[in-house]
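Here is the structure we will look at.
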Amino acid sequence: LAQWLIADAWQHTIKTQHIRKPWSWADTWPVARLRSKHLPRDLYILAGAHGSSLAFGPGHLGATALPGEGASVVGGHRDTHFGFLKKINVGDTFELQNKRGQWLKFIVRHTRIDDVREGYLGIENRGDFLTLVTCYPFDAINPGGPLRFVVTAQQIDG
């Protein structure tokens, strides 16, 4: 039900250009839509990279540009929404729909594993980049370790 409500809120946002929460008490709303050949279905990127939004989809880190509007960072759980990243390779492409309804194409430029204890995730902070971040390794028994899988993609059109 939540995914249907999020999809409906996204369609409303595109149509009216006004954000809409998927349910009245939600503390998040969709800010972009992501699709890839590695995904069984589209993902809606939600506002905020906090636990209550990450439970329903990947979350946009608010200190960065909105996806498709400059250097943006999106985080997601490795065992749910961002599990598909284990199949991503340099040169793969995916599409992102912005709030104006435009589909933008991105190409994966880098993938790497970073350690949060070193204090830097190597996030591209200028240009039309989208950085996707999830915990690593993908098959870890205990969640929340110090390693992160980081995918850096660059917009290649419009």
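The values are calculated or read from the model by the stated rules, or taken from the named source; none is laboratory data. Here the structure is a predicted model, which is why all the values come from computation and not from measurement. Reconstructed Cβ throughout: ideal geometry from the backbone, glycine too, with neighbour counts over all protein chains shown. Calculation scope for accessible area: heavy atoms of the full protein, side chains included, ligands and nucleic acids excluded. Shrake-Rupley method; radii C 1.70, N 1.55, O 1.52, S 1.80 Å.
What is the chain's relative contact order, in percent, from Cα pairs under 8 angstrom and six or more apart in sequence?
19 percent
Going down the table (Lys37/Lys99; Lys37/Lys87; Lys21/Lys86; Lys15/Lys37), which pairs top 19 Å between alpha carbons?
Lys37/Lys99; Lys21/Lys86; Lys15/Lys37
Please return the longest range in the chain lying between exposed loop sites, taking trypsin sites (Lys or Arg not before Pro), DSSP loop only, at most 11 other beta-carbon atoms within 10 Å, and leaving the sites out.
Between exposed loop sites, the widest span is 42-99.
Along the charge dipole of the range 17-158, pointing to its positive end and built from +1/-1 on Cβ of Lys, Arg, Asp and Glu, which listed residue (Trp23, Thr93, Thr64) has its Cα farthest out?
In the range 17-158, that residue is Trp23.
To check you understand DSSP bridge types, tell me what percent of the beta bridges within the range 21-158 (both residues inside) are antiparallel, rounded to 5. Write down the numbers at each step before the final one.
Values: 31 of 37 bridges.
Here the share of antiparallel DSSP bridges comes out near 85 percent.
For the range 24-78, what proportion of DSSP beta bridges, expressed in % and rounded to the nearest 5, is antiparallel? Could you put the intermediate results ahead of the total?
Numbers: 6 of 8 bridges.
So the antiparallel bridges amount to about 75 percent of the total.
How much of the accessible area of the chain, in percent, comes from carbon and sulfur atoms when a 1.4 Å probe is used? Write out the running numbers ahead of the final one.
Working: 4330 of 8190 Å².
Reported share for carbon and sulfur atoms: 53 percent.
What is the helix-to-structure angle for 2-16, meaning the angle in degrees between its Cα long axis and the longest Cα principal axis of the chain, kept from 0 to 90 and rounded to the nearest 10?
The answer is roughly 60 degrees.
Compute the length gained on full extension between Ile123 and Gln3: take 0.36 nm times their separation in residues and subtract their Cα-Cα distance, giving the result in nm to one decimal.
Numbers: separation 120, 0.36 × 120 = 43.20 nm, distance 2.86 nm.
Result for the pair: 40.3 nm of gain on full extension.
Counting pairs of alpha carbon atoms under 8 Å apart in space and at least six apart in sequence, what relative contact order in percent does the range 45-133 give?
Computed over the range 45-133, the figure is 28 percent.
With a 1.4 Å probe and every protein chain left in place, work out the accessible area per residue of the chain in Å², rounded to a whole number.
Result: 52 Å² of accessible area for each residue.
What is the distance in Å between the Cα centres of the range 58-131 and the range 1-31?
21 Å
Pop out the ³J(HN,Hα) list for the range 100-117 in order, Karplus 6.51 cos²θ - 1.76 cosθ + 1.60 with θ = phi - 60°, rounded to Hz; leave Gly and Pro as x.
Once rounded to whole Hz, the list reads 8, x, 6, 9, 10, 9, 10, 10, 6, 9, 8, 10, 7, 10, 10, 10, 5, 5.
For Glu124, what is the net charge nearby, where nearby means another residue's Cβ is under 15 Å from its Cβ and Lys, Arg count +1, Asp, Glu -1?
+1
Take the chain, connect every pair of alpha-carbon atoms lying under 10 Å apart with a spring to form a Gaussian network, then pick out the residue of Ala49, Ala26, Ala71 with the largest mean-square fluctuation.
It is Ala26.
With a ≥ b ≥ c the root eigenvalues of the C-alpha gyration tensor of the range 14-158, is it rounded (a/c under 1.5), prolate (a/b larger than b/c) or oblate?
oblate
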